[in-house]
Amino acid sequence: MKNVYVGIDISKATLDFCVVEPKRISFHKIKNNVAAIGKLLKTIKEIDPQAYLCMENTGYYNFNLYEVLEKFSFRTYVIDPKHIKRSIGLVRGKNDKIDAKRIAIFIERNHQDFESWKPIGESVKAIKILLSQRRFKIKQRTGLKQQNSDLKSVTFSKTTDKLIRINEKSIKEINKHIVEIETLIKKEINADHQLRTEINRIKTIPGIGDITAWTIAVKTEGFKRLCDPRKLACFAGVVPFEQQSGTSLRTKPRVSKMADMTLKSVLQMAAMRAVRMQNDLRIYYLRKVEEGKNKMSVLNAVRNKLIHIAMALIKNQTNYKNRLQLS
């Protein structure tokens, strides 16, 4: 019996399925809810109980599908949209039906190159949602602060004064929301003993605080995925790659733009904190800068080191020990 491959294009309200069987291709459009998904997956199970299912990672919109998939034994893959987009090359036309077919063809050709999806714990799922909301609130706050900065630079009047006070009031309210969200995240972590232990473990690394530790925990799905430090470093976009072709193209190694920008940004902040503290990473940073290395390149190397140290601590079940002897 030949395998069946299923591509799923996900949107907020609907899901488009493309089921590729050995002798035919069928398309199904259903509502993005648990009942509709369960009904269609039962039909696919009758064709092939171990079919290959593939979808793009679209955040919240995947959650109903995740919930139902836990009850089946399909071989499921969740792929970064950029990966699929770049793999199909130059194309013309786009709609949900075509996208579902392209996803099905992609996983048929490349399933051996990816790790299959596994259900994540309820705590990790909740933290993922809460961190997303926290980022949204911070983005709102940044926008309001920028508005106030712009208002202060124009001709001052009673109207602009009122607008500034309205924005300041909103900023205070958003700050309260951020604190409440962080409290909820801590509550979820404390409810999961193993997750709390692992997060506290990587927080012993200089520069890694709550936000960085929480983000790493979410991106590794509770330290159960991407635990290979090299793969995680590539995912975070901190590994420089060579650019060379014949004799006409030869540049210095550069980091790829195909990265998880959320993880990359929190690692940047962690690296900047780490090199200001008395520890091995600061010694490394100062030594490389004195050798004439570019500061940003060295900071990127520190980000890479943070990932490798964090994953080593998780693997060895130990805490970070600073080898720097302070007088």
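The distance between label points at LYS42 and PHE114 comes to 2.8 nm (points 7 Å beyond Cα on the Cα→Cβ vector). Seen against the Cα atoms of the chain and their longest principal axis, helix 193-202 is set at about 50 degrees.
Nearest 10 degrees, 0 to 90: what angle lies between the long axis of helix 34-47 and the longest principal axis of the chain (Cα atoms)? Result, in degrees: 50. Highest mean packing comes first when the peptides 15-23, 175-183 are listed by Cβ atoms within 10 Å, giving 15-23, 175-183. Our estimate of slack between ARG230 and SER11, defined as 0.36 nm per intervening residue step minus the Cα-Cα distance, is 75.6 nm.
Here the scattering of region 164-216 is modelled by Debye summation over its C-alpha atoms, one equal scatterer each and no solvent; at q = 0.14, 0.25, 0.27 Å⁻¹ the log10 of I(q)/I(0) is -0.49, -0.93, -1.00. When only alpha carbons of region 53-142 are considered, Rg and Dmax amount to 15.5, 44 Å. What the Cα convex hull of region 110-159 gives, in volume per residue, is 128 Å³. The C-alpha atoms of the chain define a longest principal axis, and helix 122-153 lies at about 50 degrees to it. The fraction of Cα-Cα pairs per 5 angstrom bin, counted from 0 for region 17-97, comes to 3, 12, 22, 26, 20, 12, 5, 0 percent, rounded to whole percents. First check a/c for region 73-229, with a ≥ b ≥ c the square roots of the eigenvalues of its C-alpha gyration tensor; if it is under 1.5, answer rounded, and if not, answer prolate when a/b is larger than b/c or oblate otherwise. Because a/c hits 1.5 or more and a/b fails to exceed b/c, region 73-229 counts as oblate. Within region 48-199, what whole-number % of the accessible surface is contributed by carbon and sulfur, with the 1.4 Å probe and all protein chains included in the calculation? It is 52 percent, rounded to a whole number. Computed FRET efficiency, Cβ-Cβ of ARG165 and ASN316, R0 56 Å: what is it to the nearest 0.05? Calculated value: 0.55. The 3J(HN,Hα) values that the Karplus relation (6.51, -1.76, 1.60; θ = phi - 60°) gives for region 54-71 are, in residue order, 9, 9, 7, 7, 10, x, 3, 5, 7, 4, 4, 5, 4, 4, 6, 5, 4, 8 Hz. Gly and Pro appear as x. Sorting the segments 101-110, 136-145, 55-64 by their residues' average number of neighbouring beta-carbon atoms within 10 angstrom, most packed first, yields 101-110, 55-64, 136-145.
Seen through its C-alpha gyration tensor, with square-root eigenvalues sorted a ≥ b ≥ c, region 129-201 comes out prolate because a/c lies at 1.5 or above while a/b is bigger than b/c.
Couplings 3J(HN,Hα) of region 223-228, computed from phi: 6, 10, 9, 6, 7, 6 Hz, in residue order, whole Hz [Karplus 6.51 cos²θ - 1.76 cosθ + 1.60, θ = phi - 60°; x for Gly and Pro]. 7 Å from Cα along Cα→Cβ at both VAL179 and ASN200: what's the point-to-point distance in nm? In this crude label model, VAL179 to ASN200 measures out at 2.5 nm.
Under 5 Å between amide hydrogens, built in the peptide plane, is the criterion, and for THR14 it picks out ASN32 among residues at least 5 positions away or on other chains. Once Rg and the Kirkwood radius are both taken over the C-alpha atoms of the chain, their ratio Rg/Rh works out to 1.03.
The values are calculated or read from the model by the stated rules, or taken from the named source; none is laboratory data. Remember, predicted model here, so these are calculated numbers, not experimental data. For neighbour counting, all protein chains shown are included, and Cβ atoms are generated from backbone atoms with ideal geometry for every residue, glycine included. To get the accessible areas, we keep the full protein, side chains included, count just its heavy atoms, and leave off ligands, DNA and RNA. Shrake-Rupley method; radii C 1.70, N 1.55, O 1.52, S 1.80 Å.
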